[in-house]
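For reference, the structure discussed in these notes is given below.
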Amino acid sequence: MATGSKRSLFARIRGRLIREFWARYISMLPVSPLSAGGGFERGNPIDRLYIERFLEQYKDRVRGRTLEVGDDSYTRTFGGDRVAQADVLNVTASPEVTIVGDLSRIETLPAEAFDCMILTQVIQYIHELPTAVRTIHHALKPGGTALITVPAVSHIVADHWRDRWQWLFTANSLGDLFAPTFGRENVIVQSHGNCFAATTFFYGLAQKDVSRRKLEPFDPSYPIVVTMAVRKSGGDVV
């Protein structure tokens, strides 16, 4: 047998043995995740790698008067001295909340008030998505930007928001949702993740538990997060 044929046969046998090993290993994985909270108990969750990288990419848009949902942690991290006023929106009042209400009611937010809105993992909880899009457009200043992230695949978070979870998204569905109101030219959508990222995310592993190198490649068949920077027409181009 020629040397090339021997190498080809060896590669096929090796590949089959590797596949059989992983099939047996995966079949032994537990039914329940290590963390029911998506990895927060163990550290920074897998999906936050893509979310925070996206915010870092567009941090120059976090400026002027801003709005974030829940708290202003990302506003402070990525906006810094560029932020003149940081508002916080939530459906319930608390000391750090400056606006009580939700995105499904357009009267919740003032018109053309915000230079930037940070909406990370928020709109999957809103049933009336077209209304939420109109509210975001209504509240942004001309030239303002909304930085939005949504889940493509996810566990349903086991907290008091579980019963309000409505949607998962693709890049196409998110872009098509916002394009009619904002204009396709003002919408930049990306997907992030791969099979390894999705699997470890479902099992509740944190970023510290896995190789960062394995989270880097993008596989369009296995996105876990969709990100979108959407700009309201008018104003200065940033």
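So what's the net charge close to residue 106: Lys and Arg +1, Asp and Glu -1, counting the other residues with Cβ under 13 Å from its Cβ?
-2
Whole number in Å², please: accessible area per residue of region 155-214, 1.4 Å probe, ligands, DNA and RNA not counted.
57
Alpha carbons only, please: Rg and Dmax for region 91-180, in angstrom.
When restricted to Cα atoms, region 91-180 yields Rg and Dmax of 13.4, 38 Å.
Along the Cα→Cβ direction, 7 angstrom out, place labels at residue 12 and residue 211. What is the inter-label distance in nm?
Distance between the two pseudo-spin positions: 2.8 nm.
Please report, in whole Å³, the volume per residue of the convex hull around the C-alpha atoms of region 115-238.
Per-residue hull volume (Cα only) is 121 Å³.
Could you tell me the extents of region 176-233's C-alpha atoms along the three principal axes, largest first, rounded to whole Å?
Over region 176-233, Cα extents along the principal axes are 42, 21, 18 Å.
Order 17, 55 by their accessible area, 1.4 angstrom probe, all chains in place, largest first.
So the residues, ranked largest to smallest area, are 17, 55.
Quick check on the chain: helices-only [θ] at 222 nm, where DSSP H runs of length 4 and up contribute -39,500 (n - 2.57) each and the sum goes over total residues. Nearest 500, please.
For the chain, the value works out to -10000 deg cm²/dmol.
Using a probe of 1.4 angstrom, how much of the accessible area of the chain is carbon and sulfur, in percent?
55
As an exercise, use a Förster radius of 25 Å and the Cβ-Cβ distance of residue 60 and residue 184 to find the FRET efficiency, rounded to the nearest 0.05.
0.65
Taking every pair of distinct Cα atoms and averaging 1/r, then inverting, what Kirkwood hydrodynamic radius in Å comes out for the chain?
It works out to 19.6 Å.
The values are calculated or read from the model by the stated rules, or taken from the named source; none is laboratory data. The model shown is predicted, which means the values in this text are computed figures rather than measured ones. Every residue, glycine among them, receives a Cβ derived from its backbone with ideal geometry; neighbour counts consider all protein chains shown. Side chains included, ligands, DNA and RNA excluded: accessible areas come from the protein's heavy atoms. Shrake-Rupley method; radii C 1.70, N 1.55, O 1.52, S 1.80 Å.
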